[in-house]
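Have a look at the structure below, then the notes.
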Amino acid sequence: MLVTLSILLENKPGALMRVTGLLSQRGYKIESLTVARTLDPSLSRMTIVVDVETRLRPHLLKQMNRLINCLQANDLTEGPNVVRELVLLRVRAPQENRTAILKEAEVFGARVVDSSVEGFALEATGDSEKLDEFIAVMGAYGDIEVTRSGAVAVSLEPKKLRLSPPVPKTHGEPAAVSHN
């Protein structure tokens, strides 16, 4: 079963590797992975779509929440959420197909980001199935080149994010030593 996880993690070296390492060690196949900084530059939001047996979902979530640098992992597979992908598609087509390509792009809510004598570069967002269909339709008009993002998801649950406060330093820890 495909599971969509949303993970808030510290924006530190090795954080992404820990998450993907956990998944690969357990033999889970990552279908999609997207990560970027949040409004707080010290934090990143990661959306992962991974193939996991239904009975192992709670166990995987528990393991993610135990990882170093992971502040909160949520399963967005069920419940109210929005999941979107982005596709950039370049279509090379003869002049006589140009009008039809633009009409089809409009039907899918795609926009032209570049045009040339060879064809168009189009941008579309939506769920995975819609983008699959868009790609198939554009492929009928000529040679295409496709680049897709991974899924990006946000929960629509009314609850607020709850994070643990940072652990204060204890007085027994040695002070940092400067070597000048």
Q) Counting GluC sites (Glu not before Pro) as exposed when in a DSSP loop with at most 16 other beta carbons within 10 Å, what is the longest stretch of the chain free of them? A) 119-180
Q: Leaving out ligands and nucleic acids, note down the accessible area per residue over the chain with a 1.4 angstrom probe, in whole Å².
A: 65 Å²
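Can you give the Rg/Rh ratio of region 16-111, where Rg is from the C-alpha atoms and Rh is the Kirkwood radius? Each step should come with its number before you reach the end.
Numbers: Rg = 18.9 Å, Rh = 16.6 Å.
Checking Rg against Rh, the ratio lands at 1.14.
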Q.
If I take the Cα coordinates of region 75-126 and project them onto the principal axes, what are the three extents in Å, biggest first?
A. 46, 16, 12
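Quick one, can you get me the convex hull of the C-alpha atoms of the chain expressed as volume per residue in Å³?
On the way: hull volume 34.7 nm³, N = 180.
In the chain, the Cα hull volume divided by residue count equals 193 Å³.
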Q.
Using a 7 Å offset from the Cα along the Cα-to-Cβ direction at both E118 and R37, what is the distance between the two label points in nm, to one decimal?
A. 3.4 nm
Q | Difference of contour (0.36 nm per residue) and Cα-Cα distance, S149 to I68 | A | 26.5 nm
Q) With labels modelled as points extended 7 Å from the Cα through the Cβ direction, what inter-label distance (nm, one decimal) is found for V82 paired with D132? A) 2.3 nm
Q: Report Rg(Cα)/(2.2 N^0.38 Å) for region 108-147, keeping two decimals.
A: 1.13
Q | Dipole of the chain, positive end: most advanced residue of T4, G119, Q95 [Cβ charges, Cα centre] | A | T4
Q: Using only alpha carbon pairs under 8 Å that are at least six residues apart, calculate the relative contact order of the chain and give it in whole percent.
A: 25 percent
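The values are calculated or read from the model by the stated rules, or taken from the named source; none is laboratory data. Just so it is clear, the model here is predicted, and its values are computed rather than measured. Cβ coordinates were reconstructed from backbone atoms using ideal geometry, including for glycine residues, and neighbour counts include every protein chain displayed. The area values use the complete protein model at the heavy-atom level, side chains included, leaving out ligands, DNA and RNA. Shrake-Rupley method; radii C 1.70, N 1.55, O 1.52, S 1.80 Å.
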